[in-house]
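Shown next, in structure tokens, is the structure this report addresses.
The values are calculated or read from the model by the stated rules, or taken from the named source; none is laboratory data. Just so it is clear, the structure is predicted and the values come from calculations on it, not from any experiment. Cβ placement follows ideal geometry from the backbone for every residue including glycine, while neighbour counts extend to all protein chains displayed.
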Amino acid sequence: MTTRERILGAALTLFAENGFDRTGVDQIAGCVGIKGPSLYKHFKGKEDILNALIDTAEARYEEYFGSERHFGKLPGSKEEFVRMTMGKVSFTIRDPMISRIRKLLVQEQFRNERLAEITTRHQLYGIQRMFTKIIEGMMDEGMFKKDDPALLAAELTAPAVLLISRADRQPQCEKESLESIERHIRHFCDVYMTE
């Protein structure tokens with residue numbers, strides 16, 4: 001692991017635990033085992049580190065979770081839909097980087113406009129737009145009843161987002177949250193899928 005990567009890892013942990021404003025460059029450098037001024041060989045400052053973290057996390061999220069432009073193959077059955085959706089949920093909850101970024105975003109969304117926009121995009125619009133495309137495609141294939149795909153996407157994703165937040169706040173409830181999300185997805189399928 002390069003020094004730059006170690007700096008990003010340490011900064012993400014500290015930002016998620018303490019908040020952006022309460023984390024200093026010297027703290028980050030100390031966690032990496034370098035002096036504060038050495039950090040400036042890799043980043044212009046704390047804001048530059050934050051931007052690099054956000055860019056890295058967004059690329060990771062796009063690659064492993066997806067987006068409305070990149071969500072993979074449409075599921076061909078109820079079980080494939082449940083597996084795909086639960087795979088995305090499990091990644092979101094269990095990926096250490098994404099979990100820490102989410103905790104950072106939740107804390108800092110009220111102090112930083114860019115982070116507020118990113119939080120809204122990931123917890124509301126982005127996920128709903130992706131599932132709107134998936135549900136719409138599955139409607140076209142005759143797998144979902146004809147309805148408003150955007151409303152169905154909101155109905156599918158909102159409870160999952162709330163339960164993911166619970167798992168973040170109460171890690172001991174992760175298993176229960178995952179089970180509740182899967183029950184919700186299966187119920188959603190029973191109500192809206194044609195098979």
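When the test is whether a residue is touching a Leu at 6+ places or on another chain (Cβ under 6 Å), among the basic types (Lys, Arg), in contact (Cβ under 8 Å) with a residue 40 or more places away in the chain and outside any loop (DSSP other than H, G, I, E, B), Arg100 passes it.
Determine, yes or no, whether Leu152 is in a helix (DSSP H, G or I) and modelled with pLDDT under 95.
Taking the combined requirement at face value, the residue does not satisfy it.
A quick yes/no check of all residues on (1) more than 14 Å from the chain's Cα centre (by Cα); (2) surrounded by fewer than 16 Cβ atoms within 10 Å (Cβ to Cβ); (3) of a type in the set (Lys, Arg); (4) at negative phi:
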{"residue": "Pro96", "(1), (2), (3), (4)": "no, yes, no, yes"}
{"residue": "Leu115", "(1), (2), (3), (4)": "no, no, no, yes"}
{"residue": "Tyr125", "(1), (2), (3), (4)": "no, yes, no, yes"}
{"residue": "Met130", "(1), (2), (3), (4)": "no, no, no, yes"}
{"residue": "Glu141", "(1), (2), (3), (4)": "yes, yes, no, yes"}
{"residue": "Pro149", "(1), (2), (3), (4)": "yes, no, no, yes"}
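State yes or no: is Leu39 buried (at least 17 other Cβ atoms within 10 Å of the Cβ) and under 19 Å from the mean Cα position of the chain (by Cα)? Taking the combined requirement at face value, the residue does not satisfy it.
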